[in-house]
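Input: a single structure, listed below in structure tokens.
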Amino acid sequence: MIEELYNTCYDELLCWCVALTKQKAQAEDLVQEAFLRAIRNRTLLEQMAFRKRRAWMFRTVRNLYVDELRKAAAAVRKEGLLFGLPVCSGDYSDGECAQMLKALSEEERVLFVMRYLQGYNSVEIGKLFGLPPATVRSKLVSARKRLRKEWENT
């Protein structure tokens, strides 16, 4: 049953997840984790029709992605001040922090999280995305400005 689900849904899940995350490696990780959860929940999935199994997989991938965004928001909040702004300080809930990060475009959010929460530098990020380091830094400046604007509006 898991093999059938994998053979019929993997490519579709991966394509959708790449569109969601804008990053193939992250999308692959999310889809892989979803299939691990499917294996753990095999008995539940066996009771479902294929259509519901497929929906369960998409919902699981989406939930995993939302969890990643929440973790990123919590990490920003834990840091307290970011570039002189009290972004996600103790005055904000995880949900509010996640909402502030949602103000960023998908690309900016991924770059921001990779640079400031995961510790990649602009050269490493540029190599991963095929961008010059200066372009990465420019996009990060734009992301910080957008976050500053979002913070001032709250």
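The values are calculated or read from the model by the stated rules, or taken from the named source; none is laboratory data. Since the structure is predicted, the reported quantities are computational estimates derived from the model, not experimental observations. With ideal geometry, Cβ positions are generated from the backbone for all residues, glycine too; neighbour counts draw on all protein chains shown.
Structure notes:
- Every condition in (1) under 16 Å from the mean Cα position of the chain (by Cα); (2) small (Gly, Ala, Ser); (3) surrounded by 13 or more Cβ atoms within 10 Å (Cβ to Cβ); (4) modelled with pLDDT under 85 is met by Gly119 except one, and the failing one is (3).
- The residues of the range 1-20 that are β-branched (Val, Ile, Thr) and within 16 Å of Arg62 (Cβ to Cβ) amount to a single one, Val18.
- Of all residues making up the range 23-35, the number that are surrounded by fewer than 17 Cβ atoms within 10 Å (Cβ to Cβ) and either modelled with pLDDT under 95 or touching a Leu at 6+ places or on another chain (Cβ under 7 Å) (or both): 5
- Close contacts from the range 119-132, counting a first residue that is aliphatic (A, V, I, L, M) and a second that is crowded, with 17+ Cβ neighbours inside 10 Å and assigned to a helix (DSSP H, G or I), with Cβ to Cβ under 7 Å and a gap of 6+ residues or different chains, come to Ile125/Leu111; Ile125/Met114; Ile125/Arg115; Ile125/Val136.
- Some residue of the range 71-81 being at pLDDT 75 or above, aliphatic (A, V, I, L, M), within 30 Å of Tyr6 (Cβ to Cβ) and within 16 Å of the chain's Cα centre (by Cα): no
- Residue within the range 59-70 that is surrounded by fewer than 13 Cβ atoms within 10 Å (Cβ to Cβ), modelled with pLDDT of 90 or more, of a type outside the set (Gly, Ala, Ser) and farther than 26 Å from Arg144 by Cα present: yes
- Test: Arg148 is in contact (Cβ under 8 Å) with a residue 24 or more places away in the chain, more than 20 Å from Lys24 (Cβ to Cβ), of a type in the set (Lys, Arg) and assigned to a helix (DSSP H, G or I): yes
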